[in-house]
Structure formats: C-alpha cells, structure tokens
Amino acid sequence: MAKKIMIVFGTRSEAIKLVPLIYKLKQYTQIKLTTCLTAQHRETINQVLIHFNVNPDYDLNIMTKNQPLTDLSIHLLTKMDELLKKIKPDIILVHGDSSTTFIASLAAFYNCIPVGQVEAGLRTFDKL
C-alpha cells in the first residue's frame, strides 16, 4: 500500500524550498502525494506556483483582508482538521516557521499524524 504524504505550505519561501521535494516525491509509485496550499501569502505565492508548474491538490485560501493572526489560526485549524480527517495522511511535511507550519503541525498532532519539519533547526557544526 502506498504511503500517504501531505505537504502543506502557504508562503512564497516555503513553496520555493518545497518544490524540489514535491517533484521528487511524485516520482515514487509507492508514495501517494497530496499537496495543500493555505495561501497565507497569496499575492506572492502564485507567481512561484506558476513558474514551477505546481498545482496544489487543495487550496484552503485562508487569507482575508486585514485578518488578525488569531482569526487566521482559527480558520486554518478548522480547515486543516477537516482535510486531515478526509485524506488521512501517514505523515505531513512542513517547512519554516510560519503560521501555516505551526497550525498545520498542531492539526496533525490533534489527529495523531506524525509531522516532518523539513527545515528542523540550525546547524550545530558537531558542537553538541
């Protein structure tokens, strides 16, 4: 059975860094990849998606004009929870430190789904 992996992203920088991973994972027949765009930064992310020919499977379109972060978080948590219950991924992958990353990870935690943080920390240069 194919492993179900969901990649969640919402900002331009997340998209730029995750596109190579999206391309790579799509090559494996033993992986069922789902991509989820939150569009936290709609105005800048579309140009990246067009440039790299990435069409997310789901676009949560969470942003509204002058939306406070608390409203964004509540809206995203609700939509992510619904999507995770529908897709039932084996793991979600996120990148960075945006509200999208935090809330998608929280929703996954609440649904007992492991989270892979692609950029999981700074280099220690073997000093630890």
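Quick note: the coordinates plus some simple rules give every number you see, no bench work behind them. Quantities reported herein were computed from a predicted structural model and do not represent experimental measurements. Heads up, the Cβs are rebuilt from the backbone with ideal geometry, glycines too, and the neighbour counts pull from every protein chain shown.
Here are the numbers for this structure:
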| read-out | value |
| --- | --- |
| Order of Leu60, Leu72 under a 10 Å beta carbon neighbour criterion, fewest first | Leu72, Leu60 |
| Overall form of region 53-119 per C-alpha gyration tensor (a/c, 1.5; a/b vs b/c) | rounded |
| Surface/4 estimate of mean projected area, convex hull on alpha-carbon atoms of region 13-87, nm² | 5.5 nm² |
| Extension reserve of the Asp59-Asp90 stretch, reckoned as 0.36 nm per residue once the Cα distance is removed | 9.2 nm |
